[in-house]
Amino acid sequence: MASTPSNLPCHVAVIMDGNGRWAKERGLPRTEGHRAGAEKIRAIVEECNRLGIRYLTLYAFSAENWRRPQNEIRALMALLEFFLKRETSDLARNGVRLQAIGRLHNLPESCQRQLHASMEATAGGTGLTLVLALSYGGREEIVDGIKSLFRHIQEGHADIAMLDPEFFSKHLYTRYYPDPDLLIRTSGEMRLSNFLLWQLSYAEIVITRKFWPDFGQEDLHAALEEFASRQRRFGGV
Ligand code: FPP
């Protein structure tokens, strides 16, 4: 049994990048990279749950990913549905609660149906909360948050004078979760790519050069150890 690192983050967020390059290196179609990437999710979810991490947010499909070729989008949506169908009973058995953030109404209807069924089936989970970011963009989330806040004020439930960061964050998709403490990005890119722009303000960032389909439990452990070695001052001294 693997050891348990000390000083664990409560919330880990992951940008799962490099599926396409992983496939290209092997002379495979990009969709094979996504399939291999999807298979890697299980081991990471299991390990986060075993360690007692409370929240894991995965960037599974960005608002910008709709610009990809139709066949790749179709393959990703089919994979999402397949993955949810296959994994839901195991997630429920292991106490993992599935949630999703993003403009979910943009997903194909069959995906939305499966997503809601999986969320319902795992709603009682008291272990890890697994949050899938789907059709998600950080700027879009902030705009949706402003719209929600405006409605709230127009309906007379709040006053503009009450507005501060804490109050605003109650209008974001992530209002039920604490901000991520640790962001992991695979494949070596040094970008946020419109992911959780508001929530990552004070997150520690760990970038690994490995492509997502090569990212395993030992890489998760290395990222957690790197996190534990950092001193977080949140702007103080
Ligand atoms: C980035 O690889 C990955 C994504 C587009 C999202 C992550 C998707 C998965 C892990 C597959 C499982 C998905 C679902 C919806 C269950 P890339 O294509 O950007 O890689 P590249 O930068 O090397 O081209």
Practice prompt. State yes or no: is Thr122 surrounded by fewer than 17 Cβ atoms within 10 Å (Cβ to Cβ) and more than 16 Å from Ile15 (Cβ to Cβ)?
Written response: no
Worksheet entry | Subset of region 2-20 [at positive phi and more than 8 Å from the ligand (Cβ to nearest atom)] | Asn7
Worksheet, complete the sentence: A careful count of residues in region 168-222 that are of a type in the set (Val, Ile, Thr), within 14 Å of the ligand (Cβ to nearest atom) and out of contact with any helix residue (DSSP H, G or I) (no Cβ under 9 Å at 6 or more places or on another chain) gives 1
Worksheet item: at pLDDT below 95 and assigned to a helix (DSSP H, G or I) - does that describe any residue in region 209-217?
Response: no
Discussion item. Among the residues that make up region 110-126, is at least one of them among the charged types (D, E, K, R), more than 15 Å from the ligand (Cβ to nearest atom) and either in contact (Cβ under 8 Å) with a residue 40 or more places away in the chain or assigned to a helix (DSSP H, G or I) (or both)?
Written reply: yes
Fill in: In region 21-60, the residues that are within 18 Å of the chain's Cα centre (by Cα) and on the phi > 0 side of the Ramachandran plot
Gly52
Worksheet item: Looking at region 66-87, which of its residues are closer than 30 Å to Leu8 by Cβ and either near the ligand (Cβ under 9 Å from one of its atoms) or in contact (Cβ under 8 Å) with a residue 24 or more places away in the chain (or both)?
Response: Leu79, Leu80, Phe83, Leu84, Glu87
Fill in: Selection from region 26-46 of residues that are in contact with a Gly (Cβ under 9 Å, 6 or more places away or on another chain) and either part of a helix (DSSP H, G or I) or within 11 Å of the ligand (Cβ to nearest atom) (or both)
Arg30, Gly33, His34, Gly37, Lys40, Ala43, Ile44
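The values are calculated or read from the model by the stated rules, or taken from the named source; none is laboratory data. Please read these numbers as outputs of a predicted model, since none were measured by experiment. Neighbour counts run over all protein chains shown; Cβ positions are idealised from the backbone, glycine included.
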